[in-house]
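The values are calculated or read from the model by the stated rules, or taken from the named source; none is laboratory data. The structure presented is a predicted model; accordingly, all values stated were derived computationally and were not measured. Please note: Cβ atoms are built from the backbone with ideal geometry, for glycine as well, and neighbour counts cover all protein chains shown.
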Amino acid sequence: MIKTDIILSGVGGQGILSIATVIGEAALKNNLYMKQSEVHGMSQRGGDVQSNLRISDTPISSDLIPLKKCDLILSLEPMEALRYLPYLSDNGWIVTSSTPFKNIPNYPEDGDVLNEVKKIKNSVLIDVEAIAREVGNTRCSNIVLLGAALPYLGIPASYIEDAIKSIFARKGQEVVELNLKALAAGAKNK
Amino acid sequence: MQKLLLLADEAIALGAIDGGLSGVYAYPGTPSTEITEFIQLNSDAKARGIHSRWSANEKTAMESAIGMSFAGKRAMVCMKHVGLNVAADPFMNSAITGVNGGVLVLSADDPSMHSSQNEQDSRNYAKFALIPILEPSNQQEAYDMAYYGFEMSEKLGRPILLRITTRLAHSRSGVVRKEMKPQNTTSFPSDPKKFVLLPAIARRNYAELLSSQASFVESSENSPFNTYYDGDNKKRGIIACGVTYNYLMENKELINGSPILKIGQYPLPKKQIEKIMNECESILVIEEGYPIVEEMLKGFLGKNLTINGKLDGTLPRQGELNPDSVKAALSGKKAEPVVIPEIVRMRPPALCQGCGHRDMYEALNAVIKQYPDAKVFGDIGCYTLGALPPYGAINSCLDMGASITMAKGAADAGVFPAVAVIGDSTFTHSGITGLLDAVNENTNITVVISDNLTTAMTGGQDSAGTGKLEDICAGIGVKKEHIRVLVPLKKNYDEMISVIKEEIDYKGVSVIIPRRECLQTLKRKKK
């Protein structure tokens, strides 16, 4: 049975929807049901943004994930990962970038946010930008994060690999290879 | 058939295209913008020559759609909920004229005010205008309703309100496409006076509208979008409207055998409402927005039946519903409080780094400091964020265009300096007529049109006044020497400050236009 409820989070402009696009393509190609609620409009201007992404092999009712039912919080920013903690199920996972995005004057001390994430038993902190740089391009850091989350997506890794191949195909084989490398690097470094 | 992964907004666009649309008319507004954008980029729409350019505002959009309908073709108007206030005059009267080609009026409500200044429920407008409503619960229904909506409008002879809310508008799911229908050919109303609302004709038309109400109810009773699910447990019946049906089904285990009436078309289907009210001891009404159905049922049939919903606190009156608030309503247990860890700080949206509005506010604030009695009237757009720190620059934000007219009223009341800050797109939407009022009285106001050459807030749509602002202002009578164009950059601060000061000190109408392209549209162009 496949049923994974994911909250993608970050700061407006970080591109959380690019991750959703890959998971969405993977779901659609494999005839899974999917609902994905997005944020458009005012909050995209550097505010906190999230997307509720639900995939399942049976029909999905709500576009929103109920409290304590989220299987995975996938975040491009560590404080933003914590914002959705009330939605995380008891056995759910947090996979988040460890790099803070400081566009507010009262952002907490770095260490405090990371310690708070570490307190959660199922959490993965990953320096996606550093890994993306090693792979060759910081523009694929979102895919590195997705790689780190592969074990918790509830769908085979090959679905995601195929989705990356078809999404980036029009940008050329080189871009496909780079993103596959980023995915693998994320998976290895989690 | 292959499923397409579409936002409900996109599903509506595609449903309309496939349903024989000839023109979409709209002004951008979250959460409705993506409908028109989809049609603008769609290859079938291009091949069919479907009109999709942005209109100056929702009123011009609505009137153009009625014009297209007059000529026999199918038209759709799209707007956010408050846009329907702007279009209210033609909207209300289009119910009296009726349609020739089918008309869909799409209004996207924003409960929880994700990107709006109120939570008004557009269903009230359709009730007010006495026309039917379609309200989808999911992306496929959104497609289907747009697809069948034109025929329904033509059959019932009136425009149809298609109501969605933010959650559905901006949620994606699989949608199966239907066969494309042909567009209508040009044809004129069989009754040549139908669209001439002189009192004598309007009285006749209104009588027809009133007598059509029964056919609207009958259409609802037979609608595939209104479904009755029988249940053995008659203690409580449940009526779920539009997207709330999903929240109900998310809590299947709590339904407990209750009969359910799923509503997707209004006016309410009388037969089904009678059935559920007759067989159940109480009714739970779940609807997004205002308690409209709930209020109607409280008086329906004059029966003494317990109706639970937003009026008695079973569901929250404010904000959008969700699976948890519906769970609480079903179980009778209070919703769990959402406790966010203490360390998490608010992260409000802000103007982009390097945005021209920032430079405009820096300079304006520097001048305003010298006038302790100054008031600055704001408007709707990215620059409304100038109300927040670090600027705290504006004292008002009411509706599209109100910066100029509020400044005028305040100046009439003796406020000096009275400054308006408005964007280029908002100015052409609703600012021009207010400026004309000020010019005609030579009111002592200073209007800043912060021109970023786009409709930025909604994602960078074409702005109706691009390249024309100075001519528009001069054309309605602002003196040429008091139309001042600036480039909002740090290096120009001294010039900006002296120009703003000069124009504030000028006793009369002056317009300052700081002009620099939106960084977001610039970035997209470079890609």
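Every residue, every condition in (1) surrounded by 19 or more Cβ atoms within 10 Å (Cβ to Cβ); (2) aromatic (Phe, Trp, Tyr); (3) within 20 Å of B:Leu168 (Cα to Cα), yes or no:
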residue: B:Phe216; (1), (2), (3): yes, yes, no
residue: B:Met249; (1), (2), (3): yes, no, yes
residue: B:Leu254; (1), (2), (3): no, no, no
residue: B:Ser258; (1), (2), (3): yes, no, no
residue: B:Gln265; (1), (2), (3): yes, no, yes
residue: B:Val285; (1), (2), (3): yes, no, yes
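If the condition is being hydrophobic (A, V, I, L, M, F, W, C), in contact with a helix residue (DSSP H, G or I) (Cβ under 6 Å, 6 or more places away or on another chain) and buried (at least 23 other Cβ atoms within 10 Å of the Cβ), then region A:147-162 contributes A:Ala148, A:Ile160.
For (1) surrounded by 19 or more Cβ atoms within 10 Å (Cβ to Cβ); (2) modelled with pLDDT of 95 or more, each residue gets a yes or a no:
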position	(1), (2)
B:Cys352	yes, no
B:Lys369	no, yes
B:Asp379	yes, yes
B:Asp399	no, yes
B:Met406	yes, yes
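Of the candidates B:Ala87, B:Ala71, the single residue that is farther than 22 Å from B:Thr455 by Cα, among the small types (Gly, Ala, Ser) and either assigned by TED's automatic domain parsing to the domain that holds B:Thr185 or in contact (Cβ under 8 Å) with a residue 12 or more places away in the chain (or both) is B:Ala71. Here the strands (runs of 3 or more DSSP E) wholly within region B:212-320 that include at least 1 residues being of a type outside the set (D, E, K, R), within 30 Å of A:Lys68 (Cα to Cα) and in contact with a helix residue (DSSP H, G or I) (Cβ under 8 Å, 6 or more places away or on another chain) are B:236-241, B:260-263, B:282-286, B:306-308.
Right, A:Gly186: part of a helix (DSSP H, G or I) and exposed (fewer than 14 other Cβ atoms within 10 Å of the Cβ) or not? No: the conditions fail for A:Gly186. Among the conditions (1) within 14 Å of chain B (Cβ to nearest Cβ); (2) within 28 Å of B:Pro349 (Cβ to Cβ), A:Thr138 misses just one, which is (1). The residue that is nearest to the other protein chains (Cβ to nearest Cβ), among those in region B:192-211 that are farther than 18 Å from B:Arg74 by Cα and assigned to a loop (DSSP other than H, G, I, E, B), is B:Leu197.
Residue check: is B:Val478 surrounded by 19 or more Cβ atoms within 10 Å (Cβ to Cβ) and in a loop (DSSP other than H, G, I, E, B)?
Working: surrounded by 19 or more Cβ atoms within 10 Å (Cβ to Cβ): yes; in a loop (DSSP other than H, G, I, E, B): yes.
So B:Val478 passes the test.
Taking region A:104-114, which residues are part of a loop (DSSP other than H, G, I, E, B) and either under 28 Å from B:Tyr247 (Cβ atoms) or at the interface with chain B (Cβ under 7 Å from one of its Cβ atoms) (or both)? Talk me through it step by step, then tell me what you get.
Step one: of region A:104-114, the residues part of a loop (DSSP other than H, G, I, E, B) are A:104-109.
Within region A:104-114, A:Ile104, A:Asn106, A:Tyr107, A:Pro108 meet the criteria.
Just the residues that are within 21 Å of B:Asp359 (Cβ to Cβ), outside any loop (DSSP other than H, G, I, E, B) and touching a Ser or Thr at 6+ places or on another chain (Cβ under 9 Å), please, taken from region B:451-475. Across region B:451-475, the qualifying residues are B:Asp451, B:Thr455, B:Leu469. Here A:Glu38 fits the description: farther than 19 Å from B:Ile343 by Cα, within 8 Å of chain B (Cβ to nearest Cβ) and within 14 Å of the chain's Cα centre (by Cα). Please go through (1) surrounded by 20 or more Cβ atoms within 10 Å (Cβ to Cβ); (2) in contact with a strand residue (DSSP E or B) (Cβ under 6 Å, 6 or more places away or on another chain); (3) in the same structural domain as B:Asp471 (by TED's automatic domain parsing) for B:Asn395 and return the number of the only condition it doesn't satisfy. B:Asn395 satisfies every listed condition except (1).
Which count do you get for residues in region B:311-336 that are in contact (Cβ under 8 Å) with a residue 40 or more places away in the chain and either in contact with a Pro (Cβ under 7 Å, 6 or more places away or on another chain) or within 12 Å of chain A (Cβ to nearest Cβ) (or both)? Explain how you work it out, then say what you get.
Within region B:311-336, the first condition is being in contact (Cβ under 8 Å) with a residue 40 or more places away in the chain, and the residues that meet it are B:318-323, B:325-327, B:329-331.
From what's left, either in contact with a Pro (Cβ under 7 Å, 6 or more places away or on another chain) or within 12 Å of chain A (Cβ to nearest Cβ) (or both): B:319-323, B:325-327.
Selection size over region B:311-336: 8.
Of note, A:Pro59 does not satisfy the criterion of being within 12 Å of another protein chain (Cβ to nearest Cβ) and closer than 30 Å to B:Gly460 by Cβ. Residues of region B:343-359 include none that is more than 10 Å from every other protein chain (Cβ to nearest Cβ) and over 30 Å from B:Pro31 (Cα atoms). Looking only at residues in region B:481-507 that are in a loop (DSSP other than H, G, I, E, B) and within 23 Å of B:Cys382 (Cβ to Cβ), the one that is nearest to the other protein chains (Cβ to nearest Cβ) is B:Pro488. Quick check on my filter: what residues within region A:21-53 are closer than 17 Å to A:Glu161 by Cβ and crowded, with 24+ Cβ neighbours inside 10 Å? Within region A:21-53, A:Ile23, A:Ala26, A:Ala27 qualify. Among what's in region A:59-97 and is of a type in the set (S, T, N, Q) and either under 13 Å from the mean Cα position of the chain (by Cα) or outside any loop (DSSP other than H, G, I, E, B) (or both), pick the residue that is nearest to A:Ile23 (Cα to Cα). Among those that are of a type in the set (S, T, N, Q) and either under 13 Å from the mean Cα position of the chain (by Cα) or outside any loop (DSSP other than H, G, I, E, B) (or both), it is A:Ser75.
Please go through region B:455-464 and pick out each residue that is surrounded by fewer than 24 Cβ atoms within 10 Å (Cβ to Cβ) and away from every other protein chain (no Cβ under 14 Å). First the steps, then the outcome.
Here is the first cut: in region B:455-464, the residues surrounded by fewer than 24 Cβ atoms within 10 Å (Cβ to Cβ) are B:459-462, B:464.
Within region B:455-464, B:Asp462, B:Ala464 meet the criteria.
Once region B:146-180 is narrowed to residues that are touching a Pro at 6+ places or on another chain (Cβ under 7 Å) and within 14 Å of chain A (Cβ to nearest Cβ), the residue that is farthest from B:Leu130 (Cα to Cα) is B:His170.
Checked against the criterion of being in contact with a helix residue (DSSP H, G or I) (Cβ under 9 Å, 6 or more places away or on another chain) and either within 14 Å of chain B (Cβ to nearest Cβ) or over 20 Å from A:Ile16 (Cα atoms) (or both), the candidates A:Val128, A:Val144, A:Val117 yield just one match: A:Val117. Inside region B:38-53, residues that are assigned to a helix (DSSP H, G or I) and under 20 Å from B:Ala464 (Cβ atoms) make up a count of 3. Taken over region B:152-178, the residue count meeting the criterion of being part of a loop (DSSP other than H, G, I, E, B) and closer than 25 Å to B:Ala214 by Cα is 3.
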